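> The structure follows.
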Amino acid sequence: MAATVIPDDLAEEGGSLGAGAAATVATVGGLLFGVLTNLAQGWLPGAWNQLANSGAVWSAAAFVAGALLAGRGAVLRAVTAGLCAEVGLVVGYYGYAEFGRDGMGSLYFPLVWLGMACVAGPLFGVAAHAWRHGTRAWSRIAGPAAFAGLFGMEGLMYARVLHHVPQAWVCGTVFVLLPLLLARTHRERALTLAAAVPCALLAYAIVELPLQTLSA
């Protein structure tokens, strides 16, 4: 397999936006994605609907925003884009639950997810920027490894806690595919996949286990 060629056109267009415009695009995109994931919970059958409410899937909003809306060297804009995308997603998801369904109920979990969005948004916005614009191999490896690690975390949760084997396999497949598709060379693919393993275990320990405690 040849080295992955990543076109810069979309990223450069995003980087040419003003800071306010980029933040607006990220927020609106997050809102729409939040509504979509809420709708998908009704569309997907059985245990598959939990994938729409997945922290890994939700974090994709910040990763995409950081990759597309922050130009080369604009790390602060990647932070802002990731934050706006994730906050917008949480607002969109629970806003639709409140006004489009039967209500979101207690504010407890919306506030929990909003707090997590304020951490995950900037983190994965920067991870995407490092992948897209990193000039050193370690930065191009760390970004996709962290993102893939979220799907590894979800796969562990489905396998160990919920015993939903098909969903665990899907998350595991995405966990493997992301490093293979996002990395640029054979060496970087291997290193990214290797780095994603501890990322998955770390995410499970510091994100999934506390969430299980909060949900108990």
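> Positive end of the charge dipole of the chain (Lys, Arg +1 and Asp, Glu -1 on Cβ, about the Cα centre): tell me which of Leu123, Ser106, Leu31 has its Cα farthest that way.
It is Leu123, whose Cα lies furthest towards the positive end.
> Sticking with this one: Classify the stretch 164-207 as rounded, prolate or oblate, taking a ≥ b ≥ c as the square roots of the eigenvalues of its Cα gyration tensor: rounded when a/c is under 1.5, otherwise prolate if a/b is larger than b/c and oblate if not.
Verdict is oblate for the stretch 164-207.
> If I take the Cα coordinates of the stretch 104-216 and project them onto the principal axes, what are the three extents in Å, biggest first?
Ordered largest first, the stretch 104-216 gives principal extents of 46, 31, 21 Å.
> Mind ranking Ile206, Ile141 by accessible surface for me, highest first, 1.4 Å probe?
So the residues, ranked largest to smallest area, are Ile206, Ile141.
> Please identify the helices of the chain, taking whole runs of DSSP H, that span at least 24 Å along their own axis as judged from the Cα atoms and have a mean Kyte-Doolittle score of 1.6 or higher.
165-182
> A follow-up question, please. Highest GNM mean-square fluctuation, the chain, Cα pairs closer than 10 Å: which of Glu98, Glu154, Glu86?
Evaluated over the chain, the most mobile residue of the options is Glu98.
> Please work out which option in (1) 1.04; (2) 1.22; (3) 1.00 gives Cα Rg over 2.2 N^0.38 Å calculated from these coordinates, and answer with its label.
The calculated read-out lines up with (3).
> How much accessible area does Ser59 have with a 1.4 Å probe, in Å² rounded to the nearest 10?
Here the residue's solvent-accessible area equals roughly 10 Å².
> Taking the Cβ-Cβ separation of Leu107 and Leu202 as r and a Förster radius of 30 Å, what is the calculated FRET efficiency to the nearest 0.05?
It comes out at approximately 0.55.
> According to the square roots a ≥ b ≥ c of the eigenvalues of the Cα gyration tensor, what is the shape class of the stretch 63-116, taking rounded for a/c under 1.5, prolate for a/b larger than b/c otherwise, and oblate for the remainder?
Here the stretch 63-116 falls in the prolate category.
> Running a GNM on the chain with Cα contacts under 10 Å, which residue among Val64, Val165, Val87 ends up with the highest mean-square fluctuation?
Val165
> Something else now. Can you compute the helix-only [θ] at 222 nm over the chain? Use -39500 (n - 2.57) per DSSP H run of at least 4 residues, normalise by all residues, nearest 500 deg cm²/dmol.
-25000 deg cm²/dmol
> Please report the spacing between the Cα centers of the stretch 154-187 and the stretch 76-107 in Å, no decimals.
Rounded to whole Å, the Cα centres lie 25 Å apart.
The values are calculated or read from the model by the stated rules, or taken from the named source; none is laboratory data. Quick caveat, the model's predicted, so the values are computed rather than measured. As a convention, Cβ positions derive from the backbone with ideal geometry for all residues, glycine included, and neighbour counts pool all protein chains shown. In case anyone asks, the SASA skips ligands and DNA or RNA and just uses the protein heavy atoms, side chains included. Shrake-Rupley method; radii C 1.70, N 1.55, O 1.52, S 1.80 Å.
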